[in-house]
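A.B. asks: Mind having a look at this structure? Questions to follow.
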């Protein structure tokens, strides 16, 4: 980490769980393990610690599970061993929600397996009846149907529980989702088939029922896998960033605690480069990068006793912070309220599939009721009327409709995932397709959010290399930017760092200094964004730094404009740098010097005008706006709270994937609508046939399988497009 | 007819056993870490048994 090394007194007891059998366990996120070698090295290394009973690394998730007995093993020893082996490791808090998700995945897979078994078996039995029906005696047919019933009833009741549960939940809220007709069709066709078997009839729908469950479960499981993958990646980032803080005990000892356990009044040690976990007072002077909090692009000096906000990153000398609020109270209270308000407006959004279901469910129920009444009125027996009404329900069962949306969204999110865009939910994609306005934050979103050397071309020759030798010894952002501009090279030895001033080294009998203007004898007026270098008696040289716009920002924004989006920029930074960035990025409409509340208010105002806004931002000050926007996106470097508030998270340092995300979202929407149109067309043709009693179970099964196939193939067109 | 009964019973038995095996592999967490399992096969465990 920073200048302060982790002391052996550190403890990670906050993450240790006690198991019922008396052992203790901890989950640790390990970075960089990729192959069998790493796996063997890590497991053998950790098992080598005496007292450890088991160590197992999951390569798919990057989590190491360690168990030990007694008090002998401090979790710190495990972390230290991993560090010695060359792997960065952080204790991982296995949240209850994650375990629930793993359970849900296993449960779905179990249902798929059971339904798959049932489908193969039942279709084998009923196909024999359909194709060999002429040669088959009535007694044999009854046996076949009896066996089919004995299998499909338990299989369907077990495997289709996800649909029953979801349908029941919707009905309890007096709503209708797609699972209502699915569950209804399954139960009714199962009941009808059992009845037909009992009265020795020629037709049953066992195969259609089980196949329906199987096909829909596959779609649901794929959907689950994709969501879990995208969310898991985002969660991993969050966990790595926020887990720990080092607290000073009254006697001066240091202990490591989970950041969420910090209390007001706690004294926290912060090294250079560490993020401030809670609002508090500084006990000594330092410098901090507050770009995530306010959007200010250059580091700001803090005096002793000054208030610093959570989310700032210490860039000056190490300090002790006296926390003035708990972590969850540290974000401005207004901000928390804004977040909540945003999530409420968002939950009002109705997914396309549910909108279709709202129109579809009454239509289907009504037509099957009409068929029932029609047959009764024309003098048919009750059994015939009932059979034909249920046939309508089965043939219109939204197999195609139930697959239409997930199939497209799986392919779309899969394609975006490959391009470095994590989509957190399917409806985020639907909302992204609707946007007509894009609002950007400046610092860290359009720009890198870190200073970059600007006047390299004007410097005297050799000065940059000489200054970089010193700069490489420091973690200060401007020193790092200087070292970055000079490229790889040697580090000066014996560098002395004076907090709040600069660096000094004695080389070849000359004193070399790198730091602020006063430190290098260039006057007493400290200016932000500059660094001075003085080599012996030679005159001081000035290095100018400025936050730089991402190289692809212009291209990405032009792409958005070409797609008909209105562009806007909102920043907490000063007007002058804001104007410069807006000019380079090609944004005509921008506002500077505004806080989180004004950003959120702007979102609200745009919504009142009927605009659908895409908000792109990274800072804590953007979180409220991100939550209020129609759809929101955060770069991978964004603050945790912003990543949590955003619907999409970008990986990597470029903005270009954003343009592709909008293209994919729009294309996905078109494909979904096409699939809906296809399903409607198919129903228009099938309902009259079913109503007239012309649909045999074989026709129903073929129709179901073929319509699912068409819908899935249509969805796959989305990934064919990406290869072109 | 008798032969048919035997065949159906046998097929059902084989199917149920395979299903039971699949559910057991699922229950015992064999699909939890596909990447790790692919790599683990390369590790020489010549040392003493754990």
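The values are calculated or read from the model by the stated rules, or taken from the named source; none is laboratory data. The structure displayed is predicted, hence computed values, not measured ones. Because the Cβ atoms are built from the backbone with ideal geometry, glycine has one as well, and the counts that use them run over all protein chains shown.
A.B. asks: Could you grab me the full set of residues in the range B:29-39 that are outside any loop (DSSP other than H, G, I, E, B) and more than 7 Å from chain A (Cβ to nearest Cβ)?
C.D. replies: B:37, B:38
A.B. asks: Would you pick out the residues in the range B:1-16 that are over 17 Å from the mean Cα position of the chain (by Cα) and more than 10 Å from every other protein chain (Cβ to nearest Cβ)? Outline the logic, then answer.
C.D. replies: Here is the first cut: in the range B:1-16, the residues over 17 Å from the mean Cα position of the chain (by Cα) are B:1-12.
Scanning the range B:1-16 gives B:2, B:3, B:6, B:7, B:10.
A.B. asks: For the range A:254-344, please list each of the strands (runs of 3 or more DSSP E) lying entirely inside it that holds at least 3 residues being buried (at least 22 other Cβ atoms within 10 Å of the Cβ) and either modelled with pLDDT under 70 or on the phi < 0 side of the Ramachandran plot (or both).
C.D. replies: Values: elements: A:254-258, A:267-270, A:280-282, A:286-289, A:300-302, A:319-323.
By residue number, A:286-289, A:319-323.
A.B. asks: Specify which of the listed residues (A:470, A:514) is touching a residue at least 12 places away in the same chain (Cβ under 8 Å), touching a helix residue (DSSP H, G or I) at 6+ places or on another chain (Cβ under 9 Å) and assigned to a helix (DSSP H, G or I). Talk me through it step by step, then tell me what you get.
C.D. replies: Details: A:514 fails: assigned to a helix (DSSP H, G or I).
Only one candidate qualifies: A:470.
A.B. asks: Still on this model: Restricting to the range A:12-37, count the residues that are within 11 Å of another protein chain (Cβ to nearest Cβ) and under 14 Å from residue A:90 (Cβ atoms).
C.D. replies: Our first condition is that a residue be within 11 Å of another protein chain (Cβ to nearest Cβ); within the range A:12-37, this holds for A:33-37.
Among the residues that remain, those that are also under 14 Å from residue A:90 (Cβ atoms) are: A:33.
Going through the range A:12-37 one residue at a time, the tally reaches 1.
A.B. asks: With the condition kept exactly as written, say whether any residue in the range A:77-89 is assigned to a strand (DSSP E or B), more than 14 Å from every other protein chain (Cβ to nearest Cβ) and buried (at least 19 other Cβ atoms within 10 Å of the Cβ).
C.D. replies: Yes - at least one qualifying residue is present in the range A:77-89.
A.B. asks: Scan the range A:189-199 and give yes if some residue there is in a helix (DSSP H, G or I) and closer than 28 Å to residue A:408 by Cβ, otherwise no. Please lay out each step first, then the result.
C.D. replies: Taking the range A:189-199 first, the residues in a helix (DSSP H, G or I) are A:189-198.
Filter again for closer than 28 Å to residue A:408 by Cβ, leaving A:189.
Yes, the conditions are met somewhere in the range A:189-199.
A.B. asks: Ok, one more. Looking only at the range A:508-549, which residues are surrounded by fewer than 22 Cβ atoms within 10 Å (Cβ to Cβ) and closer than 30 Å to residue A:652 by Cα?
C.D. replies: Across the range A:508-549, the qualifying residues are A:528, A:529, A:530, A:544, A:546, A:548, A:549.
A.B. asks: Quick check: anything in the range B:17-28 in a helix (DSSP H, G or I), touching a helix residue (DSSP H, G or I) at 6+ places or on another chain (Cβ under 9 Å), within 7 Å of another protein chain (Cβ to nearest Cβ) and under 30 Å from residue A:139 (Cβ atoms)?
C.D. replies: Narrowing the range B:17-28 to residues in a helix (DSSP H, G or I): B:17-27.
Right, trim to touching a helix residue (DSSP H, G or I) at 6+ places or on another chain (Cβ under 9 Å) and you get B:18-19, B:22-23, B:26-27.
Still in the list and also within 7 Å of another protein chain (Cβ to nearest Cβ): B:19, B:22-23, B:26.
Narrowing the set further to residues that are under 30 Å from residue A:139 (Cβ atoms) leaves B:19.
Yes; the residues of the range B:17-28 include at least one that is in a helix (DSSP H, G or I), touching a helix residue (DSSP H, G or I) at 6+ places or on another chain (Cβ under 9 Å), within 7 Å of another protein chain (Cβ to nearest Cβ) and under 30 Å from residue A:139 (Cβ atoms).
A.B. asks: Considering only the range A:366-385, state which residues are free of Cβ contacts under 8 Å to residues at least 12 places away in the same chain and either under 19 Å from residue A:167 (Cβ atoms) or in contact with a strand residue (DSSP E or B) (Cβ under 6 Å, 6 or more places away or on another chain) (or both).
C.D. replies: Matches in the range A:366-385: A:366 only.
A.B. asks: Another question, then. Residue check: is residue A:213 out of contact with any helix residue (DSSP H, G or I) (no Cβ under 8 Å at 6 or more places or on another chain) and modelled with pLDDT of 85 or more?
C.D. replies: Values: out of contact with any helix residue (DSSP H, G or I) (no Cβ under 8 Å at 6 or more places or on another chain): no; modelled with pLDDT of 85 or more: yes.
Criteria not met by residue A:213.
A.B. asks: Residue under question is residue A:642, and the condition is that it be in contact with a helix residue (DSSP H, G or I) (Cβ under 7 Å, 6 or more places away or on another chain) and in a helix (DSSP H, G or I); does it hold?
C.D. replies: Values: in contact with a helix residue (DSSP H, G or I) (Cβ under 7 Å, 6 or more places away or on another chain): yes; in a helix (DSSP H, G or I): yes.
Yes; evaluated as a whole, the condition is true for this residue.
A.B. asks: Inside the range A:525-615, counting only helices (runs of 4 or more DSSP H) that do not spill past its ends, which hold 1 or more residues that are closer than 17 Å to residue A:656 by Cα and in contact (Cβ under 8 Å) with a residue 40 or more places away in the chain? Walk me through how you get there before you give the answer.
C.D. replies: On the way: elements: A:553-562, A:575-585, A:596-608.
Correct list: A:553-562, A:575-585.
A.B. asks: Let me ask something else about it. Among the residues of the range A:38-61, write down those that are more than 8 Å from chain B (Cβ to nearest Cβ), more than 24 Å from residue A:21 (Cα to Cα) and modelled with pLDDT under 85.
C.D. replies: A:38 - this is the single residue of the range A:38-61 that is more than 8 Å from chain B (Cβ to nearest Cβ), more than 24 Å from residue A:21 (Cα to Cα) and modelled with pLDDT under 85.
A.B. asks: Can you tell me which residues in the range A:131-160 are surrounded by 15 or more Cβ atoms within 10 Å (Cβ to Cβ), within 25 Å of residue A:216 (Cα to Cα) and either within 11 Å of chain B (Cβ to nearest Cβ) or at pLDDT below 85 (or both)?
C.D. replies: A:147, A:148, A:151, A:155
A.B. asks: Any residue at all in the range A:703-724 that is closer than 30 Å to residue A:585 by Cβ and outside any helix (DSSP H, G or I)?
C.D. replies: yes
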